[in-house]
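Each remark here refers to the structure printed beneath this line.
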Amino acid sequence: MSDKVNVYINSKRYQAIKGEPLLNVARRNRVDIPALCYEESLKPYGACRLCLVDVKEGAKKGLTTSCTLACSEGLSVVTDTDEIKKHRKVLFELYLSQAPSSEKIKDMAARYGVFATRFELKHQENDKLNSKCVLCGLCVRTCNEIMAAGVINFIGRGHNTKINTPYFESSDVCLGCRACLEVCPTKAITIEDRSNIRIMASWSNTEVELKKCAVCGKYYAPERLDEKVDSLFYYKDKDEKLKDMCPECRKKYAAKKHTLIVKGEAEKYAK
Ligand code: SF4
Ligand code: FES
């Protein structure tokens, strides 16, 4: 039985995989639905509420979040009704107050004609997330569910909720992988590399040691991350030399090795 289904977004038909979030289909087909807390590699969470659509045909009619809406045959939604716009406008006002320094939020809000907020600005002195965090939770979930590191979490409640390390203490389990920074939709997180140290400035200034490439001498990856990757993956034709090289030197070494193997001079590549 095929797992393909037909869904309709604003009356236009699209193919989808049965059960996949409708937001995926919209993104694949460049249908603009604003969203802050969705990342394909994580289970939908439905926290930001921006991705609302109105279900016209489907199991449950009415407003719902498209990141948690599973595709089924004949599902039909509209993405931009007056009611949806009204909801999004209020949400953008809330996000403008929550993350007053975020250019991304300002841009998203402007597209809905929202340029100011009636809510109190949450500008905080010395905010480690630069007054840009919307508490979408993507960094926390990526750190916990994908990297299995568990370095950061939500701290406090309500208006005082923050994201950081437990007790705001520097972490001795942080891998320094930067995955949190990559997923953050508002670029709230600060990480700096200074010579052989990566400083996770947003996460209580946690310091992570970087590894030096044995060939070119460049610092290229956190030691702890490198060890973790090594312990998780087993390469069949493991060449120990590759272990201590940066990606660029690895590529050059692998290309040279391949050429020598093709020429029948494989014994030379060890030199
Ligand atoms: S730091 Fe970024 S990813 Fe983490 S909760 Fe805030 S906005 Fe979301
Ligand atoms: S992306 Fe759907 S609720 Fe945030």
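The values are calculated or read from the model by the stated rules, or taken from the named source; none is laboratory data. Everything numeric in this text was worked out from a predicted model, so none of it was measured. Because the Cβ atoms are built from the backbone with ideal geometry, glycine has one as well, and the counts that use them run over all protein chains shown.
Observations, loosely collected:
- When Cys48, Cys67 are checked against the criterion of being in the same structural domain as Ser11 (by TED's automatic domain parsing), over 20 Å from Arg13 (Cα atoms) and buried (at least 16 other Cβ atoms within 10 Å of the Cβ), Cys48 stands alone in meeting it.
- Near pairs, Cβ below 6 angstrom, 6+ apart or cross-chain, from the range 48-63 (within 16 Å of ligand 1 (Cβ to nearest atom)) to any residue that is in a strand (DSSP E or B): Cys51/Thr65
- Sole residue being in the same structural domain as Cys174 (by TED's automatic domain parsing) and at pLDDT below 95, chosen from Gly158, Gly137: Gly158
- Any hit, the range 57-68, residues being more than 16 Å from ligand 2 (Cβ to nearest atom), closer than 30 Å to Ala179 by Cα, at pLDDT below 95 and part of a loop (DSSP other than H, G, I, E, B): no
- Number of residues in the range 97-130 that are without any contact (Cβ under 8 Å) to a residue 60 or more places away in the chain, touching a Lys or Arg at 6+ places or on another chain (Cβ under 7 Å) and among the polar types (S, T, N, Q): the value is 3.
- Restricting Tyr38, Tyr45 to those that are at pLDDT below 95 and within 16 Å of ligand 1 (Cβ to nearest atom) reduces the list to Tyr45.
- Per the listing Lys212, Lys251, Lys218, the residue uniquely basic (Lys, Arg) and touching a Phe, Trp or Tyr at 6+ places or on another chain (Cβ under 7 Å) is Lys212.
- Candidate set: the range 129-175, residues that are assigned to a loop (DSSP other than H, G, I, E, B) and of a type in the set (Ser, Thr, Tyr); chosen: the one farthest from ligand 2 (Cβ to nearest atom): Ser170
Yes/no per residue for (1) at positive phi; (2) crowded, with 16+ Cβ neighbours inside 10 Å:
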residue	(1), (2)
Gly156	yes, no
Glu182	no, no
Thr186	no, yes
Ile189	no, yes
Ala214	no, no
Lys218	no, no
Lys228	no, yes
Asp239	no, no
